[in-house]
1. Among 50, 106, 41, whose mean-square fluctuation peaks in a Gaussian network model of the chain (Cα, cutoff 10 Å)?
2. Classify segment 25-146 as rounded, prolate or oblate from the Cα gyration tensor: take a ≥ b ≥ c as the square roots of its eigenvalues, call it rounded if a/c is under 1.5, otherwise prolate when a/b beats b/c and oblate if not.
3. Which whole-angstrom value gives the distance between the alpha carbon centres of segment 72-146 and segment 1-50?
4. Between the helical axis of 65-78 and the dominant principal axis of the chain, each derived from Cα atoms, what acute angle in degrees is found, rounded to the nearest 10?
5. Which of 121, 18, 105 ends up with the largest GNM mean-square fluctuation for the chain, with Cα atoms connected below 10 Å?
6. Starting from the Cα-Cα distance between residue 110 and residue 91, subtract it from 0.36 nm times their residue separation and give me the gain in nm to one decimal.
7. With everything on Cα atoms, drop me the angle between helix 3-16 and the longest principal axis of the chain, reported from 0 to 90° to the nearest 10.
8. Taking Cα atoms, how many degrees apart are the long axis of helix 83-98 and the longest axis of the chain, rounded to 10 and kept between 0 and 90?
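A short reminder: the numbers here are calculations on the coordinates, not readings from a lab. Here the structure is a predicted model, which is why all the values come from computation and not from measurement. Cβ sites come from the backbone with ideal geometry, for glycine too, and all protein chains shown count toward neighbours.
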């Protein structure tokens, strides 16, 4: 099985059985949402933060397989992390997506599946949207706390 087949299989796995998908009715969770008017994709991210750590993270999304797989992978990686570590990972991942020749040696192994997306500029936003939404939420929290 070649690298592309492995990546395709991982994307389909997270698309068909997304992790941390769903909505929680709990006032401790902060929420942020984003949509792409041009393609109709939308996502909402819920985060429960305590003691500067992401205790839980959920998402609901309507969109393509790349959006849902990206959100699913993001939540599995970010969950149970300190805020500063999460912000660092988000920024590095977005830089990896947005910079054509940038290869991130510290990128989580599963996230390498999305490095090929650089070859399809119209799909970069699908993969980036969950990460951008979470980044905005975490930046808003940092602004509020300072």
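1. So, out of 50, 106, 41, the one fluctuating most is 106.
2. Taking the square roots of the gyration eigenvalues as a ≥ b ≥ c, segment 25-146 is oblate.
3. Their Cα centres are 12 Å away from one another.
4. 50
5. So, out of 121, 18, 105, the one fluctuating most is 105.
6. 5.2 nm
7. That helix lies at roughly 40 degrees to the long axis.
8. With both axes taken from Cα atoms, the answer is about 30 degrees.
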